[in-house]
Amino acid sequence: MTVENKDTQPVDVKSLLQNIEKGVKESGAKIEGFSKDMTEIKARVDDMEAKAQRPDTTPRIEVKDNHFPGQKQARLWKADIVAEREKKSRMEVLENMYGRDTDFIKEVKAMSAGGNAGINIDEQYFTEIIPLLYNTLSVITLGARRVPMPKGNLNVRKMISGTTAQYIGEGEAPKASKAVFAGLRLSSKKLSVKTIFSNDLLRSDNPTADQMVRDDLVEQMQLAMDYTALYGKGTQYTPRGIANTAGVNKVNKSTIVDGDNLYVDLIKPIKKANIKMRKPGWIFNPDVYALLYNEAFTNGNWKYRDQLLAGKFHGFPFIETNQIETGTGTGSPTDIFFGDFDKLFIGEQVSLEVKTSEEASYTDENGVTRSAFDNDETVVKGLMEHDMGLAYGAAFSIGNYHTV
């Protein structure tokens, strides 16, 4: 048992008692009842030590954050816009709009105490938005690698053939062999989204307004990134997606999707290419899911229904998404992706940058140029810089099948 003394070093109580006892005995002093008292003191010390070692079972109250993911960042964006228009500080606007949310106001004040409020807060609150952005990307969910690319370029080295081992006879020399390497080069591309908000919406302190500001920006970037990961053309300004990467196994059949054939068509070639299959998975659309869900044996039992309900198909996870469209041609063809998503790299230079303006002009969905200032609107522009690429094309298969 150790006792903290604020004026001295920690004291070991047992050692202290032993020293006292030793000193008393050596001095020859006789204290009535000394042995009995010492025994009682030692027993109490032992009991204190035993209690100190027991786990603390005191109930604890968990403090939960009542804000939905991304709400705090949306509030900061709104406050920036209103503050610029009304020539006020961001903090003043936040207190006017959200003063009743004392926990949020305290958090903002604490974060801005360390320096430039705008920069510090944005960098920390962006972490709210980034997970929200990536968690719904099919390729990220299935295991694609996000890697930093601070200088805008990244070379990923990969071995395309290895050394060869061989048995030799006595006195024979082995034939020379060497590993051959190649590189996947990622070069930053810009993804930008521009959204228009009514200033009436931005002035509102209603949580629904916060959610609309957050969702519109995030959703548009999610859709663009996910589609590009699958079908990107690989131009000067666009990342290259899986479908346009050399070496990908492609199967085109004018037959209706059949679950048994998908294993042979799409999984078997990847295994034969010696891909390790660290994070394998499927991506297909609701039409394919419906066909597999209702596929049955001749006795009427469902083939894959239990698997699908458990989130697997042929033992591998899947993502169901409308990013893969069903065509309107003969047989309503659609694509099915399967592969090892560990071999898909997403290099990031800028995770997210947001700028706002109530004076910018923009082109609407009908091609008409409009003024945000005239319409009492605010233009919000989001920017990300990244690139994507496959380390090995042979790690993926794409099948095109009919759905009717």
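The values are calculated or read from the model by the stated rules, or taken from the named source; none is laboratory data. Not measured: the values here are computed from a predicted model. Note that each Cβ is placed from the backbone with ideal geometry, even for glycine, and that neighbours are counted across all protein chains shown. Please note that ligands, DNA and RNA were not included when accessible areas were found on the heavy atoms of the full protein model with its side chains. Shrake-Rupley method; radii C 1.70, N 1.55, O 1.52, S 1.80 Å.
Of the numbered criteria (1) open to solvent by less than 20 Å² (accessible area, probe 1.4 Å); (2) part of a helix (DSSP H, G or I); (3) not polar (S, T, N, Q), the one Phe197 fails is (2).
Considering every residue within the stretch 220-231, establish whether at least one is more than 15 Å from Ser138 (Cα to Cα) and in contact with a Gly (Cβ under 8 Å, 6 or more places away or on another chain). Lay out the reasoning, then the answer.
Our first condition is that a residue be more than 15 Å from Ser138 (Cα to Cα); within the stretch 220-231, this holds for none.
The answer is no, given that none of the residues of the stretch 220-231 is more than 15 Å from Ser138 (Cα to Cα) and in contact with a Gly (Cβ under 8 Å, 6 or more places away or on another chain).
Exactly one residue out of Arg85, Arg75 is out of contact with any His (no Cβ under 7 Å at 6 or more places or on another chain), surrounded by 10 or more Cβ atoms within 10 Å (Cβ to Cβ), part of a helix (DSSP H, G or I) and modelled with pLDDT under 90: that is Arg85.
Modelled with pLDDT under 90, closer than 30 Å to Glu358 by Cβ and open to solvent by 40 Å² or more (accessible area, probe 1.4 Å): does that describe Arg214?
Numbers: modelled with pLDDT under 90: yes; closer than 30 Å to Glu358 by Cβ: yes; open to solvent by 40 Å² or more (accessible area, probe 1.4 Å): no.
Criteria not met by Arg214.
Taking the numbered list (1) in contact with a Gly (Cβ under 9 Å, 6 or more places away or on another chain); (2) touching a residue at least 60 places away in the same chain (Cβ under 8 Å); (3) farther than 30 Å from Asn252 by Cβ; (4) among the acidic types (Asp, Glu) in turn, Glu348 passes all entries but (1).
Yes/no matrix, rows are residues, columns are (1) in contact with a Lys or Arg (Cβ under 9 Å, 6 or more places away or on another chain); (2) surrounded by 11 or more Cβ atoms within 10 Å (Cβ to Cβ); (3) farther than 16 Å from Asn400 by Cα:
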| residue | (1), (2), (3) |
| --- | --- |
| Lys250 | no, yes, no |
| Lys279 | yes, yes, yes |
| Phe297 | yes, no, yes |
| Gly300 | no, no, yes |
| Lys303 | no, yes, yes |
| Lys312 | no, yes, yes |
| Gly315 | no, no, yes |
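Looking only at residues in the stretch 148-189 that are in a loop (DSSP other than H, G, I, E, B) and aliphatic (A, V, I, L, M), which one is modelled with the highest pLDDT? Write out each step before concluding.
Of the residues in the stretch 148-189, the ones in a loop (DSSP other than H, G, I, E, B) are 149-152, 162-179, 188.
Within this subset, residues satisfying the condition of being aliphatic (A, V, I, L, M) are 149, 165, 168, 173, 176, 179.
Working: Met149: 92, Ala165: 74, Ile168: 76, Ala173: 78, Ala176: 69, Ala179: 55.
Ranking the candidates gives Met149 first.
Against the list (1) at pLDDT below 95; (2) open to solvent by 40 Å² or more (accessible area, probe 1.4 Å); (3) at negative phi, the condition Asn274 fails is (3). Within the stretch 276-314, the set of residues being within 14 Å of Phe338 (Cα to Cα) and among the aliphatic types (A, V, I, L, M) comprises Met277, Ile283, Val288. Go through the stretch 378-404 and give me each residue that's open to solvent by 40 Å² or more (accessible area, probe 1.4 Å) and closer than 30 Å to Gln124 by Cα. Passing the criteria: only Lys381.
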